[in-house]
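Here is the structure we will look at.
The values are calculated or read from the model by the stated rules, or taken from the named source; none is laboratory data. Just so it is clear, the model here is predicted, and its values are computed rather than measured. Positions of Cβ are generated from backbone atoms using ideal geometry, with glycine treated the same way; all protein chains shown enter the neighbour counts. Please note that ligands, DNA and RNA were not included when accessible areas were found on the heavy atoms of the full protein model with its side chains. Shrake-Rupley method; radii C 1.70, N 1.55, O 1.52, S 1.80 Å.
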Amino acid sequence: MKKNNIDTLLTGDFLRMCVAHFLLFTGLFLLLPWLPMVLKQLLEVPLSQGVWLYAAFGTGMLVVGPFHAHLGDVYRRKHLFLFPAIGMAAAGLGYLYVTEWSQCCLLAFAQGACFALAMVGDLTVAIDITHSSRRTVGNLIYAWLGRMGCMVGTCLGAWLLQRVEFQQLTLVAGATVLVGCYFGLRVYVPFRAPIGVPVATLDRFLLPRAWVPAIGVVMLSMAVGRLLPLLLGGDYCPLIGLCVLAVAVIPLVRLFVCLSHHCQRGTANASCYQAMDMGLLLGLGLSYAHFDAVHIHSASLQWALIALLFLALVAYPYYRSHRLR
């Protein structure tokens, strides 16, 4: 890679957004995989209720999805990352004050909505501040850092939860997200006049052309999500699964981008991210619905094999016949 290409990509603003993106995912996964275990102790609810917690989080992500593009058109794109990220941190701190399970689900819904807005907001900023000739490489770096944030947050959260109180872990998670906001605040984003985007649209939310590989991504990440709660018991299989996702996200993002038109790059990236995160949520919910380590291991392995076969035998041929780039 030529030096001028490196300089074009690795600008100060791009690096600051990379840190903000990494810390957003780290702060979320410091807390998210362990919530049913902790809330079981605080509110004396069955562990299986965790499935509704993750369902609420995922619903929040999906509900705000159609409004991503309109909000990004009406408001400053940097603010579309900063304010939802602060809201996500505040919702996480709200778990310290819950007295009823319904309050937990409402907080999870709000947290999911804020996370989805912040994720698409920081992705939009990162694309806009990257030179057009380097955007594909920038997308791959950005996606990988998000998965690394997921891995670091999960591992660090499991380690801290065995050494500190839940209250302290929650404060660490909130502080991590806010540090990311500080880096995002220092990014200069040129003004762009509104173009009149409809209030509800699939732009910046879902790429219909990529629905086939999205199914494979959901299945693969669901297999990993089912394993995550086992990390708290010293099982390192979840770490292997997270490493697989961190490696797989690079070709997967490239695949999604190649299925999109030039103006749909942000939508392609967001679709891949959201498919992976929805899969993790589904896996976490299923894991807590029937928490049995032996069953979880076997079910995860089966889903991983099915997902890999689907990606190789169905999604890849579909990509070869439908790619646009």
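Only residues that are closer than 20 Å to Phe25 by Cα, part of a helix (DSSP H, G or I) and either at pLDDT below 95 or touching an Asp or Glu at 6+ places or on another chain (Cβ under 7 Å) (or both): list them for segment 171-212, please.
Selection gives Gly184, Leu185.
If a residue must be open to solvent by less than 60 Å² (accessible area, probe 1.4 Å) and closer than 13 Å to Ile215 by Cβ, how many such residues does segment 275-311 contain?
Counting residues in segment 275-311 that are open to solvent by less than 60 Å² (accessible area, probe 1.4 Å) and closer than 13 Å to Ile215 by Cβ gives 7.
Please work out which one of (1) open to solvent by less than 10 Å² (accessible area, probe 1.4 Å); (2) under 14 Å from the mean Cα position of the chain (by Cα) is the condition Met222 fails and give its number.
Unmet for Met222, out of (1) open to solvent by less than 10 Å² (accessible area, probe 1.4 Å); (2) under 14 Å from the mean Cα position of the chain (by Cα): (1).
Has segment 23-34 got any residue that is aliphatic (A, V, I, L, M) and surrounded by fewer than 17 Cβ atoms within 10 Å (Cβ to Cβ)?
Applying the first criterion (aliphatic (A, V, I, L, M)) to segment 23-34 yields 23-24, 28, 30-32.
Going one step further and asking which of them are surrounded by fewer than 17 Cβ atoms within 10 Å (Cβ to Cβ), we end up with none.
Checking segment 23-34: not a single residue is aliphatic (A, V, I, L, M) and surrounded by fewer than 17 Cβ atoms within 10 Å (Cβ to Cβ).
Examine segment 91-99 for a residue that is open to solvent by less than 20 Å² (accessible area, probe 1.4 Å) and under 28 Å from Asp235 (Cα atoms), and state whether such a residue exists.
Yes, there is a match, as at least one residue in segment 91-99 is open to solvent by less than 20 Å² (accessible area, probe 1.4 Å) and under 28 Å from Asp235 (Cα atoms).
Residues that are part of a loop (DSSP other than H, G, I, E, B), without any contact (Cβ under 8 Å) to a residue 24 or more places away in the chain and more than 21 Å from Ala289 (Cβ to Cβ): does segment 41-56 have at least one?
Taking segment 41-56 as the starting set, the residues that turn out to be part of a loop (DSSP other than H, G, I, E, B) are 44-46.
Pick out the ones that are also without any contact (Cβ under 8 Å) to a residue 24 or more places away in the chain and you get 44, 46.
Imposing the further condition that a residue be more than 21 Å from Ala289 (Cβ to Cβ) reduces the set to none.
Within segment 41-56, none of the residues are part of a loop (DSSP other than H, G, I, E, B), without any contact (Cβ under 8 Å) to a residue 24 or more places away in the chain and more than 21 Å from Ala289 (Cβ to Cβ).
Among (1) over 22 Å from the mean Cα position of the chain (by Cα); (2) outside any helix (DSSP H, G or I), there is one condition Ser260 misses while meeting the rest; what is its number?
Going through (1) over 22 Å from the mean Cα position of the chain (by Cα); (2) outside any helix (DSSP H, G or I) one by one, Ser260 breaks only (1).
Looking for whichever is buried (at least 16 other Cβ atoms within 10 Å of the Cβ) and over 30 Å from Met37 (Cα atoms) here; the options are Val187, Val217, Val244. Which one fits?
Working: Val217 fails: over 30 Å from Met37 (Cα atoms); Val244 fails: over 30 Å from Met37 (Cα atoms).
None of the other options fit; the residue is Val187.
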